[in-house]
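Notes follow once the structure below has been shown.
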Amino acid sequence: MEKTKVVLVACGTAVATSTVVAKAIEEACKKAGIRVSIRQCKATEVPALVQQGADLIVTTTQLPKNLTIPVIQGLAFLTGIGKDQVLNKIIEALKA
C-alpha cells in the first residue's frame, strides 16, 4: 500500500481560502487513487511544518524561497481560471 502523501495548504490565515483549496485537492486525489493528508496552515507556519514532514505545498500567498519540497501556486482555486491545470500539476507532483 502506498504511503499517505502530506500536502500543506497555505494561505494568510489558514481559514477560508485554504479550506476551499484543501477540499478541491482531497476530491482530486480521491479520484486519482492517491492517499493524502491535508494540513491547512498559515504561510508563516510553513517552514516549521516542512521540517516535520510534508510532500508538497499548495499556496495562495507568498512563501519563503528556500523550501526543500515542491511548491505549487494555488490562486487558480480562487479565480477558477486554470484550476484543472493546477489540480493536474498537484496530482503529478504527488505521483512522482
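Computed over the chain, the per-residue total of -39500 (n - 2.57) for DSSP H runs of n ≥ 4 gives a 222 nm mean residue ellipticity of -12500 deg cm²/dmol, rounded to 500.
In straight-distance terms, cross-link reach from Lys65 covers every one of the aspartates and glutamates whose alpha-carbon lies under 15 Å from its own, apart from those fewer than eight places away in the same chain; here that gives Glu45.
With +1 on each Lys and Arg Cβ and -1 on each Asp and Glu Cβ, how big is the dipole of the chain about its Cα centre, in debye rounded to the nearest 20?
80
Overall shape: oblate for the chain, with the ratio a/c of the largest to smallest alpha carbon gyration tensor axis at 1.5 or above and b/c at least equal to a/b. What is the list of residues in segment 16-40 whose amide nitrogen lies under 17 Å from a point 7 angstrom out from the Cα of Leu78, following Cα to Cβ? Hits in segment 16-40 for Leu78 at 17 Å: 16-25, 40.
Each reported figure results from applying straightforward, stated rules to the coordinates on display, with no laboratory input. Just so you know, these numbers come straight off a predicted model, no measurement behind them. Please note: Cβ atoms are built from the backbone with ideal geometry, for glycine as well, and neighbour counts cover all protein chains shown.
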